[in-house]
1. Tell me which residues come under 5 Å, amide H to amide H, from LEU31 once H is placed; ignore anything under 5 positions away on its chain.
2. Separation between the ARG166 and MET127 pseudo-spin-labels, each 7 Å from Cα along Cα→Cβ, expressed in nm?
3. Give me the net charge of LEU45's neighbourhood, meaning all other residues with Cβ under 12 Å from the Cβ of LEU45; Lys, Arg count +1, Asp, Glu -1.
4. Using the Karplus curve 6.51 cos²θ - 1.76 cosθ + 1.60 with θ = phi - 60°, work out ³J(HN,Hα) for each residue of the stretch 124-131 in order, rounded to whole Hz, and write x for Gly and Pro.
5. Quick one: which residues, 5 or more positions from ASP104 or on another chain, have an amide H under 5 Å from its amide H? H modelled 1.01 Å from N in the peptide plane, none for Pro or chain starts.
6. Along the Cα→Cβ direction, 7 angstrom out, place labels at ARG72 and ASP28. What is the inter-label distance in nm?
7. Could you order the peptides 75-86, 109-120 from most to least packed, using the average number of other C-beta atoms within 10 Å per residue?
8. List every residue whose amide H lies under 5 Å from the amide H of ARG13, counting only residues 5 or more places away in sequence or on a different chain, with H placed 1.01 Å from N in the peptide plane.
Amino acid sequence: MVQKAKILLVDDRPENLLALEAILSALDQTLVRASSGEEALKALLTDDFAVILLDVQMPGMDGFETAAHIKRRERTRDIPIIFLTAINHGPHHTFRGYAAGAVDYISKPFDPWVLRAKVSVFVELYMKNCQLREQATLLRLQLESGRAAADEAREPAGLLAELSARLAAVEEQAEALSKQLDESADAAAIATAAHLERKLTGLRRALDALEPGTGNAAS
């Protein structure tokens with residue numbers, strides 16, 4: 001199930017927030033209200049948003065100051081901001097909005113269809129980015145799992161090789177010992193060496209049976 005995107009609506013007037021919700025409800029996404037810049041910044045501490053609709057004229061922290069705080073935070077700096085304003089002070093005012101990090105600047109009263117279309121674009125981009133991140137995470141996990149499986153496959157082979165080398169060293173020492181004992185008349189020592197050789201032969205057969213591709217022959 002695809003998770004819905006969150007859209008942050010920031011305006012100090014409840015009737016404006018209600019109007020925005022009515023316009024954007026058709027997008028079927030999660031709409032989050034904030035009645036001040038401070039409240040918006042608090043919401044941004046815990047939730048991820050696809051886009052922010054930010055009123056410029058607000059008491060206390062206005063839209064420009066709120067946007068500046070948003071863009072200074074590493075977590076939120078890339079969230080697109082659409083400024084909404086009821087007044088138009090000309091190009092300088094618009095330029096200030098873009099300088100504050102806005103991706104768009106819409107004057108009230110705005111066309112509901114235009115606003116909904118603009119917001120839907122950013123929602124779609126957000127959803128695509130989420131899908132890409134999920135695919136990248138899944139791919140990384142698959143690669144890590146593949147490497148772990150390969151390591152597990154190599155680990156027994158490496159252990160067998162090490163055991164084989166150690167056994168070979170013991171076999172060489174046993175063979176040298178047997179040659180020395182052949183020249184002596186100590187029957188007990190000769191019998192002990194013969195017993196050791198039989199043990200080593202059994203270990204070698206067992207180790208060879210563990211080698212990959214070796215069938216389990218009946219004894």
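1. Sorted by chain and number, the residues that satisfy this are ILE7.
2. Rounded to a tenth, the inter-label distance reads 5.9 nm.
3. Result for the neighbourhood of LEU45: -1.
4. 5, 4, 4, 5, 5, 5, 5, 5
5. Close amide H contacts, sequence-distant or interchain: ILE81, PHE83.
6. About 4.0 nm separates the two model spin labels.
7. Highest mean packing first, the order is 75-86, 109-120.
8. none
Values in this text are rule-based calculations from the coordinates and carry no lab data. These figures come from a predicted structure and were not determined experimentally. Every residue, glycine among them, receives a Cβ derived from its backbone with ideal geometry; neighbour counts consider all protein chains shown.
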